[in-house]
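Presented below is the structure to which this report refers.
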Amino acid sequence: MRVSRRFPLAVHALLFVAVLSPKKRVTSTLVAESTGANAVTVRNLFLELSDSGLLIATAGKNGGVQLAREPENITLWDIYQAVETPDADEIFKMYEGSDTCPVGKNFYQILYPHMESAANAMKASLEQVTLETLKEELQPLLKELHAEKCPSALTDTTSE
């Protein structure tokens, strides 16, 4: 099964926004520092998350991002759909098989329903977890993070 790095990166970015916003202006630079991703990659991800109705992005010198919905109204499935395809063929990188052999000729037909079932189970599981759940799970760990190397945004929540 293939899920690109984009999904966990998107979850990380949105969780970062949920923790800091509205106390601090959140920018692609701050999220890039937190995720270790390139700021351009983060900005492109922000565009997809904005297009999916999960983020509101404001451009310019005083720009930044904020959640478009409350964290309890954003599920992991919402985030997944914003940056990945929910199609079982793509999740599992299915192929059609081959007409030169009875197994190859029928392979896709017999395997696809099982892969579709697994994709549906993944969807059902991801729909049960909200950004608020992750935020709550993160809170006890934030105290530990202050002592470690982490983006200054997490230790200083004053406005930029």
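The values are calculated or read from the model by the stated rules, or taken from the named source; none is laboratory data. These figures come from a predicted structure and were not determined experimentally. In this analysis, Cβ positions are derived from the backbone assuming ideal geometry, glycine residues included, and neighbour counts consider all displayed protein chains. What goes into the accessible areas is simple: the full protein's heavy atoms, side chains included, and nothing from ligands, DNA or RNA. Shrake-Rupley method; radii C 1.70, N 1.55, O 1.52, S 1.80 Å.
Details
- Among (1) more than 12 Å from LEU14 (Cα to Cα); (2) touching a residue at least 40 places away in the same chain (Cβ under 8 Å), the one test that PRO71 misses: (1)
- Test: GLU72 is open to solvent by 50 Å² or more (accessible area, probe 1.4 Å), closer than 30 Å to PHE16 by Cβ, in a helix (DSSP H, G or I) and modelled with pLDDT under 95: no
- Long-range neighbours under 6 Å by Cβ, at least six apart or interchain, first residue closer than 29 Å to LYS123 by Cβ within region 92-108, second of a type in the set (Phe, Trp, Tyr) and in a loop (DSSP other than H, G, I, E, B): none
- Residue pairs whose Cβ atoms lie under 6 Å apart, separated by 6 or more positions or on different chains, with the first residue in region 4-17 and part of a helix (DSSP H, G or I) and the second among the polar types (S, T, N, Q), are LEU9/THR35; HIS12/THR35; PHE16/SER34.
- Flag for GLY63 being in contact (Cβ under 8 Å) with a residue 12 or more places away in the chain and over 18 Å from the mean Cα position of the chain (by Cα): yes
- Residues satisfying the stated conditions in region 54-69, i.e. farther than 17 Å from VAL17 by Cα and either of a type outside the set (Lys, Arg) or surrounded by 14 or more Cβ atoms within 10 Å (Cβ to Cβ) (or both): GLY60
- In the set (1) loosely packed, with under 15 Cβ neighbours inside 10 Å; (2) modelled with pLDDT under 80; (3) under 21 Å from PRO22 (Cβ atoms), LEU154 fails one condition alone, (1).
- Of the residues making up region 24-51, those that are in contact (Cβ under 8 Å) with a residue 24 or more places away in the chain, open to solvent by 60 Å² or more (accessible area, probe 1.4 Å) and among the hydroxyl-bearing types (Ser, Thr, Tyr) number 1.
- The sole residue among TYR80, TYR95, TYR108 that is in a helix (DSSP H, G or I) and over 21 Å from PHE46 (Cα atoms) is TYR108.
- Checked against (1) within 30 Å of LEU111 (Cα to Cα); (2) among the small types (Gly, Ala, Ser); (3) under 13 Å from the mean Cα position of the chain (by Cα), SER52 meets all criteria but (1).
- Any hit, region 33-44, residues being modelled with pLDDT of 90 or more and in contact with a strand residue (DSSP E or B) (Cβ under 9 Å, 6 or more places away or on another chain): yes
- Listed by first and then second residue, the pairs linking a residue in region 113-130 that is closer than 19 Å to THR75 by Cβ to a residue that is β-branched (Val, Ile, Thr) and at pLDDT 95 or above, with Cβ atoms under 8 Å apart and 6 or more places separating them unless they lie on different chains, are LEU126/THR75; GLU127/THR75; GLN128/THR75; VAL129/THR75; THR130/ILE74; THR130/THR75.
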